[in-house]
Structure formats: structure tokens, C-alpha cells
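These notes concern the structure reproduced below.
The values are calculated or read from the model by the stated rules, or taken from the named source; none is laboratory data. Predicted model, so just to flag it, every value in this text is computed and none were measured. In this analysis, Cβ positions are derived from the backbone assuming ideal geometry, glycine residues included, and neighbour counts consider all displayed protein chains. Ligands, DNA and RNA are excluded from the accessible area calculation, which covers all protein heavy atoms including side chains. Shrake-Rupley method; radii C 1.70, N 1.55, O 1.52, S 1.80 Å.
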Amino acid sequence: RTNIQLNNLPKAVKTIVISSALHAEGKTVTAVNLAVTMAQDLDKTVLLVDCDLRGGTVHQLLAINPTRGLSDILTDNTTLDSTFYKTRINNLTILPRGDVPHNPSELLGSKKMRRLLEELKSRFDYIILDSPPIISLTDTCVLSSQVDGVIFIVQAYRTPRQAVEHAQNSLKHVHAKILGLVLTQ
């Protein structure tokens, strides 16, 4: 949190994707923990968006039982405010994934998603986007081109070096700004 807030980048970091090379490296737990710690900064509002439209679990980690979410906003006329869920943590709001759509990558790369991110930026101080693994899906690469930066998660003693290099090359290919790396476990 401190490194993000006190970065020396020419542009303030407001939207951050959290991802990893492979499945189950700790990206969702990291995203939730980062969102919680940022929300505890008294004057900052934080939105945690579950962009893993195929199997996101942010709502489970925070004990929320959502009826609508991000995919519903992107596929029909669901209003944004009807998809926000408050948490027990002051200043932390959740936008869960919603129903599993048949075209997640296309939805995340759509003009509607870009417009949504612009609207969210006007309403929150920070937006943390939990995303699926980079290697198996294109979703994160699509998202990373729309945000200020990516935090890359690597699980110690599990993630092969080649997988990390492949994922980082995929991010570089779409000109994603890698803010840093978190080593889990």
C-alpha cells in the first residue's frame, strides 16, 4: 500500500490489476488484503472489482452473497449502484463478478468496460481489479491495457521461472505497466 501511494511515477496510480502467471498463486487473497489495507487509510475510498468472470471468489472471501455484478453491468442494463456491496471495512466497496458470461475476454475489452472504468475512477480513490491467471486466459492482458498498473503475484517454490517470464512477456506485449511483484507462501 505504501509503495503504491508514494510511488515516483509521473501519473498517479489509481487502477491496479492483480494477477499471476498460473491459477491458485494467491492473487485473490492479495487483492482483498491490498483493498482492505488501502481502505483503512481513512480518507481513501476503495473499490475491489472481481474481474475473474469465469470463477472469481472475492464475494466468498468477504462473505457477500451477490445477486448481480460486473458481468451483469456489461451484458445488460443493470445499473452500477445496484451491483455495489458494502463491507464491514469502512471505505471498501465490492463489485462482484456476477453471472458467468459466455464471452468474458470480449466483455473486459469492450468499450462499455472502458467507460465503466472511467466512471469508477470518478467515484473512488483506488480501484483494485482481481483478474484471472495470465497464461491460460487473455482477460488480464485485455484489462492491463486499461489500467495504471499491474501487480504480479508469484508463489514461492511453485511457479516455474518460464511461466513467470512468459506472463511478463505477455504483459509487456500489451504495454502494461508492472508496478511490482508479490511473492506468496
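Going through the stretch 137-159 one residue at a time, which ones are over 22 Å from Glu119 (Cβ atoms), of a type outside the set (Ser, Thr, Tyr) and either touching a residue at least 60 places away in the same chain (Cβ under 8 Å) or part of a helix (DSSP H, G or I) (or both)?
The initial filter retains those residues of the stretch 137-159 that are over 22 Å from Glu119 (Cβ atoms), namely 137-138, 141, 151-159.
Applying the additional criterion that residues be of a type outside the set (Ser, Thr, Tyr) yields 137, 141, 151-156, 158.
Once the filter is applied, which keeps residues that are over 22 Å from Glu119 (Cβ atoms), of a type outside the set (Ser, Thr, Tyr) and either touching a residue at least 60 places away in the same chain (Cβ under 8 Å) or part of a helix (DSSP H, G or I) (or both), the stretch 137-159 yields Leu137, Cys141, Ile151, Phe152, Ile153, Val154, Gln155, Arg158.
Show the residue pairs meeting these rules: Cβ distance below 6 Å; 6+ apart or different chains; first residue within the stretch 94-108 and farther than 12 Å from His59 by Cβ; second residue open to solvent by 20 Å² or more (accessible area, probe 1.4 Å) and not in a loop (DSSP other than H, G, I, E, B).
Pro101/Thr75; Ser105/Val142; Leu108/Val142
Of (1) open to solvent by less than 40 Å² (accessible area, probe 1.4 Å); (2) aliphatic (A, V, I, L, M); (3) not in a loop (DSSP other than H, G, I, E, B), Leu181 satisfies all except one. Which?
The single condition Leu181 does not satisfy is (1).
Is there any pair with a first residue in the stretch 60-77 that is within 23 Å of Asn103 (Cα to Cα) and a second that is of a type in the set (A, V, I, L, M, F, W, C) and buried (at least 20 other Cβ atoms within 10 Å of the Cβ) whose Cβ atoms are under 6 Å apart and which are 6 or more apart or on different chains, and what are they?
That search, which allows pairs on different chains as well, returns Leu70/Leu95; Ser71/Leu53; Leu74/Leu107.
Sort out which residues of the stretch 127-136 are crowded, with 21+ Cβ neighbours inside 10 Å and part of a loop (DSSP other than H, G, I, E, B), and write them in order of number. Give the steps one after another, and end with the answer.
If we filter the stretch 127-136 for residues that are crowded, with 21+ Cβ neighbours inside 10 Å, which is where we start, we get 127-132, 134.
Within the stretch 127-136, Ser131, Pro132, Ile134 meet the criteria.
Applying the selection to the stretch 20-36, what residues are in contact (Cβ under 8 Å) with a residue 12 or more places away in the chain, part of a helix (DSSP H, G or I) and either acidic (Asp, Glu) or open to solvent by 50 Å² or more (accessible area, probe 1.4 Å) (or both)?
Hit for the stretch 20-36 is Val29, nothing else.
Looking at the stretch 137-178 only, could you name the residues that are open to solvent by 70 Å² or more (accessible area, probe 1.4 Å) and not aromatic (Phe, Trp, Tyr)? Step through it out loud before you land on a result.
Going residue by residue through the stretch 137-178, those that are open to solvent by 70 Å² or more (accessible area, probe 1.4 Å) are 138, 157-158, 161-162, 165-166, 169, 172-173, 175, 177.
Residues satisfying the conditions are Thr138, Arg158, Arg161, Gln162, Glu165, His166, Asn169, Lys172, His173, His175, Lys177.
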